[in-house]
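Note sheet for the following structure.
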Amino acid sequence: MAKIIAVTNQKGGVGKTTTAVNLSALLSELGQKTLLVDLDPQGNASSGLGITAGESTIYEVLMGAIPFSACIQATRWPRLSVAASDIRLAGAELELVDVERREYRLKNAIAAVRDSYDMILIDCPPSLSLLTLNALSAADSVLIPIQCEYYALEGVTSLMNTIGRVRRSLNTSLVVEGVLLTMLDGRTNLGLQVVDQVKRHFKKQVFSVTIPRSVRLSEAPSHSEPIHIYDPKSTGAVAYRQLALEILSRNDRKPLEEEPPEEKVTRKGEKATKNGGKKKKKASKKSDKA
Ligand SMILES: Nc1ncnc2c1ncn2[C@@H]1O[C@H](COP(=O)(O)OP(=O)(O)OP(=O)(O)O)[C@@H](O)[C@H]1O
Ligand SMILES: [Mg+2]
């Protein structure tokens, strides 16, 4: 059953969508069957991967018009799918206002597809709105991106209060997956001071990897590609891969191993590897020495 992580911070422009898109893409590259849910009417997570929302979106799902499976679209990359949104999603807030248990619409709908994935990431809008409450009710954990800038911690207290309230009422098992420092400019003292301040505040909850400020990360969406495809060697690609590995390790999951060397059958009918088992011999030599 998929682990559901909501990427959230009500502050705008802190790197939620960049994180949701690239983390989803790298988790899928590391072998996890991943679904990215675009829960923001801005639709940036969808468009960043070249997905056009069309007629079947999260909006129709929340309104109860279609099942969740009907809004899922495959991407060009294996193991990565998107549940898309566009500006119509903004209407859901108003239209659901009198509906009972409206905070559980996403949770109830997503249950039908949860078994089909290993990881589900939800990109939240920059508000503590009904949409965000739906994400927090449906999620197992929250990933909080914090931008390395002067007012970094502004609003984080109200976010933590909201998470606390959700835990007491809507979702008792909700935990913090981690706090992610984003857009670090390591050349400035300010950036490093913010890292220090956030680490003192959140201690072990802060991911060990920090996302650097990188022009390549801001360019990738206009090419409709995640960073590890757009520029695999860029600092952003390396950092988001490290984040994906950190999350897999925190959740006791293993990354996809590199394909083992192809086995071929020798004339005698014995199995042999392409390299004639040289690797094995080397390993045993090493262990002999030890
Ligand atoms: N590490 C980074 N380096 C450089 N630019 C970045 C980085 N992360 C994000 N950006 C850019 O900063 C802007 C805001 O990022 P993003 O859209 O991910 O934030 P957000 O929190 O999702 O915003 P919103 O609150 O509007 O949804 C975008 O133009 C994005 O390309
Ligand atoms: Mg966003």
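At a glance:
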item	result
Per-region count, the range 69-98, residues part of a helix (DSSP H, G or I) and within 21 Å of residue 10 (Cα to Cα)	8
Boolean, residue 141 is in contact with a strand residue (DSSP E or B) (Cβ under 6 Å, 6 or more places away or on another chain), among the polar types (S, T, N, Q), closer than 30 Å to residue 193 by Cα and surrounded by fewer than 23 Cβ atoms within 10 Å (Cβ to Cβ)	yes
Count of residues meeting criterion [modelled with pLDDT of 95 or more, surrounded by 14 or more Cβ atoms within 10 Å (Cβ to Cβ) and charged (D, E, K, R)] in the range 66-94	3
Residue count for the range 205-230, restricted to those that are among the aliphatic types (A, V, I, L, M) and assigned to a loop (DSSP other than H, G, I, E, B)	2
Residues of the range 99-128 classified as part of a strand (DSSP E or B) and either within 21 Å of residue 162 (Cα to Cα) or not β-branched (Val, Ile, Thr) (or both), total	4
Residue match in the range 175-185 (condition: modelled with pLDDT under 95 and away from ligand 2 (no atom under 16 Å from the Cβ))	yes
Any hit, the range 190-209, residues being within 16 Å of ligand 2 (Cβ to nearest atom) and either at positive phi or touching a residue at least 12 places away in the same chain (Cβ under 8 Å) (or both)	no
Qualifying position, being in a helix (DSSP H, G or I), away from ligand 1 (no atom under 13 Å from the Cβ) and assigned by TED's automatic domain parsing to the domain that holds residue 171, among 20, 25	25
Residue identified as of a type in the set (Gly, Ala, Ser), in contact with a Phe, Trp or Tyr (Cβ under 8 Å, 6 or more places away or on another chain) and assigned by TED's automatic domain parsing to the domain that holds residue 228 among 74, 83, 65	83
Filtered residue count, the range 38-80, keeping only those that are aliphatic (A, V, I, L, M) and touching a helix residue (DSSP H, G or I) at 6+ places or on another chain (Cβ under 7 Å)	10
Pair list, Cβ under 9 Å, 6 or more apart: the range 78-105 residue within 15 Å of residue 44 (Cβ to Cβ), other residue acidic (Asp, Glu) and part of a loop (DSSP other than H, G, I, E, B)	85/40; 89/40
Residue count for the range 1-38, restricted to those that are under 14 Å from the mean Cα position of the chain (by Cα) and over 28 Å from residue 256 (Cα atoms)	1
Members of the range 42-58 found to be closer than 17 Å to residue 221 by Cβ and either in a loop (DSSP other than H, G, I, E, B) or outside the structural domain of residue 132 (by TED's automatic domain parsing) (or both), listed by number	42, 43, 49, 50, 51, 52, 53
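Let's see how each residue does on (1) more than 16 Å from ligand 1 (Cβ to nearest atom); (2) crowded, with 18+ Cβ neighbours inside 10 Å:
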residue	(1), (2)
30	yes, yes
48	no, yes
52	yes, no
59	yes, yes
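The values are calculated or read from the model by the stated rules, or taken from the named source; none is laboratory data. In this text, all values refer to a predicted model and were calculated from it rather than measured experimentally. Glycine also receives a Cβ, built like all others from the backbone with ideal geometry; neighbour counts cover every protein chain displayed.
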